[in-house]
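A.B. asks: Take this structure, written in structure tokens, and hold onto it; I'll ask about it next.
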Amino acid sequence: MTAALETQIQEDMKSAMRAGETLRRDTLRMLIAALKNERIDKGADLDEDSVLAVVRRGVKSRKDSAQQYRDAGRDELADKEEAEIAVLEGYLPQMLDEAATIAAVEAAIAETGASEKCDLGKVMKAVMAAHRGLVDGKLVNRLAGERLG
């Protein structure tokens, strides 16, 4: 059985084709191909978490590419990558803002009893498990480090 998100992506790609939205269509085609490859690798249908993981990987690789293009002075290519990121991020759940992330980090510190910098791994693990896919790992690391340092 296909995940609901995957079905939505396919329907959105068809809509983009009908509307002549080439960037959206091409981005969703690449995403559908990545989902198909993931399904082949797993040898089974994908659940919602797997689909979201593929979308996140697509966003991350495009962010890396956009940064490399900007560094090389290729702003038109970076702009295209960023437009693709915007399309993909529409399928991801809303990330927690910094204030909510701070609250999550402080709750994890209290829950794990962390008090020193060497406890950073425990805090990271607790926050990332409790808020899977909803927090930025770099932000969590920075905030936890500030509170434990």
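A.B. asks: Answer yes or no: is there a residue in segment 100-107 that is of a type in the set (D, E, K, R) and more than 30 Å from R25 (Cβ to Cβ).
C.D. replies: Yes: segment 100-107 contains one or more residues that are of a type in the set (D, E, K, R) and more than 30 Å from R25 (Cβ to Cβ).
A.B. asks: Looking at segment 29-42, can you tell me whether even one residue there is buried (at least 16 other Cβ atoms within 10 Å of the Cβ), basic (K, R), at pLDDT below 95 and more than 20 Å from V135 (Cα to Cα)?
C.D. replies: yes
A.B. asks: Please give the helices (runs of 4 or more DSSP H) falling wholly within segment 72-149 in which 3 or more residues are surrounded by 18 or more Cβ atoms within 10 Å (Cβ to Cβ) and assigned by TED's automatic domain parsing to the domain that holds V59.
C.D. replies: Those helices (runs of 4 or more DSSP H) span 75-89.
A.B. asks: So, in segment 4-28, how many residues would count as being among the acidic types (D, E), surrounded by 14 or more Cβ atoms within 10 Å (Cβ to Cβ) and either at pLDDT 95 or above or touching a Ser or Thr at 6+ places or on another chain (Cβ under 7 Å) (or both)?
C.D. replies: Final tally of qualifying residues: 3.
The values are calculated or read from the model by the stated rules, or taken from the named source; none is laboratory data. All values reported here derive from a predicted model rather than from experimental measurement. All Cβ positions, even for glycine, are placed from backbone atoms using ideal geometry, and neighbour counts span all protein chains on display.
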